[in-house]
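Q: Starting off with a structure, shown below.
The values are calculated or read from the model by the stated rules, or taken from the named source; none is laboratory data. Just so we're clear, the structure is a prediction, and the values are computed from it rather than from any experiment. As a convention, Cβ positions derive from the backbone with ideal geometry for all residues, glycine included, and neighbour counts pool all protein chains shown.
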């Protein structure tokens, strides 16, 4: 059975949370964020989808970007960091995620532990 | 803020960025510039980290510039937006940025538009001096002769089109315009690597 549309919907919602949570730990630029998030299994965030997401978060005032000329790079990089509003959003999203996860665990019951075992 | 172009830029990247900028025409100028600069920075970063990976591969990961650009723009209810003035010009500029790779396409566009301009010029001339321009047919020493344009040589030839030249010329010009628009749309829809 083709799970791709469902998986893509699932990841779309999680991508925003993953980006905000990663930026809370450290100010980062696009490729750095991608590599950190892509290295975690199951969270496939594509090169083509992260920049529109960052663009929207910046327009909404959740993150802010600044251009930095790093000595180890031949080109300028755009670093992003959370704004106060972004931190608030992240806290709310984490709380919502925890409720969602708890609810799903209850619905799926031992099925999830079977997969993990 | 960094300036464009970057010395590490290659022709495929230049074409991609030009097409991206054209596709973002409806976005505010400052935002458009940021998106183009960040895309450039992304590609240079990927190539910097994996020098063995071709630029075309990095660009393919982003998707076709028009598809990629759409993700930055607010949702448009109808997929067929009316074309804005200057869109063709921007598309041609995008092709011109491709250097030699896109030269054949530019030459075809230039040749077609030359035909259209000549046709319109003849139509205007027909309205101004109807007896001096048209499709001329005559019998010369070498046999049957046909001449399109102005019979300035004074040869004894008969003009056969008359006033029909004007609608015919307009038809040619309009056909050329639509043919070029369709050609550019097809080329812009293609991925950067499949450009001629």
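Q: Kindly indicate whether any position in region B:115-133 is more than 18 Å from residue B:170 (Cα to Cα) and modelled with pLDDT of 75 or more. I'd like the intermediate steps shown before the answer.
A: Applying the first criterion (more than 18 Å from residue B:170 (Cα to Cα)) to region B:115-133 yields B:131-132.
Imposing the further condition that a residue be modelled with pLDDT of 75 or more reduces the set to B:131-132.
Checked against the condition, which is being more than 18 Å from residue B:170 (Cα to Cα) and modelled with pLDDT of 75 or more, region B:115-133 yields at least one hit.
Q: Would you check which residues across region A:4-45 are outside any helix (DSSP H, G or I) and modelled with pLDDT under 85 and list them? Before the answer, list the steps.
A: Here is the first cut: in region A:4-45, the ones outside any helix (DSSP H, G or I) are A:26-29, A:39-45.
If the condition is that a residue be outside any helix (DSSP H, G or I) and modelled with pLDDT under 85, then A:39, A:40, A:41, A:42, A:43, A:44, A:45 are the ones that fit.
Q: Hey, another quick one. Let me confirm something: among A:30, A:86, A:61, which residue is crowded, with 19+ Cβ neighbours inside 10 Å, touching a residue at least 24 places away in the same chain (Cβ under 8 Å) and more than 9 Å from chain B (Cβ to nearest Cβ)?
A: Being crowded, with 19+ Cβ neighbours inside 10 Å, touching a residue at least 24 places away in the same chain (Cβ under 8 Å) and more than 9 Å from chain B (Cβ to nearest Cβ) holds for just one of A:30, A:86, A:61, which is A:86.
Q: Still on this structure, please answer the following. Taking region B:23-63 only, how many residues are more than 8 Å from chain A (Cβ to nearest Cβ) and either in a loop (DSSP other than H, G, I, E, B) or crowded, with 22+ Cβ neighbours inside 10 Å (or both)?
A: 13
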